[in-house]
């Protein structure tokens with residue numbers, strides 16, 4: 001099996017190239033071709049010898065992504081890509097435009113193990129983790145396919161990033177590398193459903209990124225019913241990990257809260273949420289109208305603004321997420337699932 005050269009950092013690539021009997025500086029040339037010029041074939045490396053190109057082709061592969069579908073919202077210009085890997089598996093990536101620039105939402109796994117009851121990403125089950133290169137290619141190919149520069153990134157697509165921790169860490173290293181995309185990790189948000197040990201490990205790494213926690217319920221009873229991960233890491237453990245993250249990094253935690261009509265949108269739930277999050281202040285709550293999917297009867301709440309007011313009156317900063325790409329089902333998981341069914 002050929003080695004995944006796009007997943008290697010510059011230090012590793014230098015060691016590989018020297019082991020081939022080549023000068024160390026050749027690694028920098030190759031790295032530039034891969035991550036700045038973003039070639040898809042070693043034959044494009046015009047400053048390398050033919051003999052080195054032959055060696056590279058024998059030992060390494062440049063992974064590829066193919067956009068099998070591209071949807072553009074007529075409402076706000078949001079772009080949604082359905083990408084296919086050489087093994088036939090697919091993932092989704094969404095490009096959103098804001099006043100502050102373009103933000104890309106990428107996937108970290110094919111499918112998801114977490115089983116959150118309101119999420120389309122988990123319905124078809126978990127298939128495999130994405131390699132660092134496969135995450136990076138979502139950035140490169142989305143820039144190429146849209147003509148837009150990615151200025152911020154969210155790991156909030158298909159999959160649980162902290163369930164693919166080592167590959168995600170390497171991806172972040174490649175993303176922020178000065179010889180590559182060179183995106184500051186302060187412009188990156190990582191969303192997790194609450195894998196406590198990994199949150200603490202991420203805190204210790206002090207990468208500077210924003211931690212976004214998919215909370216969706218303030219008590220164990222309510223969270224157990226919609227998020228199975230809570231049975232392993234309960235709300236008290238999760239909040240303790242969030243406090244630790246803030247203490248280690250100084251970065252404010254963002255909590256995602258999808259409001260489901262008749263499930264978690266009542267006054268009592270809002271008051272329970274205030275009590276839960278007080279120890280984590282300063283924090284931010286991002287209220288989201290739930291994504292309606294065919295397999296569940298969950299419906300969007302009509303009490304979003306009322307819920308927001310209760311939180312803000314209680315001292316919790318809360319905003320309502322702007323819905324983008326509503327006409328193209330831009331919420332993650334839907335396009336992949338539909339393509340599998342078809």
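The values are calculated or read from the model by the stated rules, or taken from the named source; none is laboratory data. It should be emphasised that the depicted structure is a prediction, and the values quoted were computed from it without experimental measurement. Note: ideal-geometry Cβ built from the backbone for every residue, glycine included; neighbour counts use all protein chains shown.
Below are the figures for this structure:
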read-out	value
Conditions (1) touching a strand residue (DSSP E or B) at 6+ places or on another chain (Cβ under 6 Å); (2) over 30 Å from residue 297 (Cα atoms); (3) surrounded by 17 or more Cβ atoms within 10 Å (Cβ to Cβ); number of the one not met by residue 140	(1)
Residues located in region 143-159, provided they are in contact with a helix residue (DSSP H, G or I) (Cβ under 9 Å, 6 or more places away or on another chain) and surrounded by fewer than 21 Cβ atoms within 10 Å (Cβ to Cβ)	148, 149, 151, 152
Some residue of region 238-260 being assigned to a loop (DSSP other than H, G, I, E, B), surrounded by 20 or more Cβ atoms within 10 Å (Cβ to Cβ), touching a helix residue (DSSP H, G or I) at 6+ places or on another chain (Cβ under 7 Å) and modelled with pLDDT under 95	no
Residue 253, sole failed condition from (1) in contact with a strand residue (DSSP E or B) (Cβ under 7 Å, 6 or more places away or on another chain); (2) under 16 Å from residue 190 (Cα atoms); (3) free of Cβ contacts under 8 Å to residues at least 40 places away in the same chain	(3)
Count - residues of region 217-226 that are modelled with pLDDT under 95 and surrounded by 22 or more Cβ atoms within 10 Å (Cβ to Cβ)	0
Residue count, region 34-54 (criterion: within 17 Å of residue 8 (Cα to Cα), surrounded by fewer than 18 Cβ atoms within 10 Å (Cβ to Cβ) and without any contact (Cβ under 8 Å) to a residue 40 or more places away in the chain)	4
Strands (runs of 3 or more DSSP E) wholly inside region 66-134 containing at least 2 residues that are in contact with a helix residue (DSSP H, G or I) (Cβ under 8 Å, 6 or more places away or on another chain) and surrounded by fewer than 19 Cβ atoms within 10 Å (Cβ to Cβ)	66-72
Test: residue 58 is exposed (fewer than 14 other Cβ atoms within 10 Å of the Cβ) and in a helix (DSSP H, G or I)	yes
Selection status of residue 169, under 14 Å from the mean Cα position of the chain (by Cα), closer than 24 Å to residue 237 by Cβ and free of Cβ contacts under 8 Å to residues at least 40 places away in the same chain	yes
Matching residues, region 180-203, being over 30 Å from residue 34 (Cβ atoms) and surrounded by fewer than 19 Cβ atoms within 10 Å (Cβ to Cβ)	197, 200
Single residue of 278, 309 found to be more than 23 Å from the chain's Cα centre (by Cα), at pLDDT 90 or above and either closer than 15 Å to residue 257 by Cα or part of a strand (DSSP E or B) (or both)	309
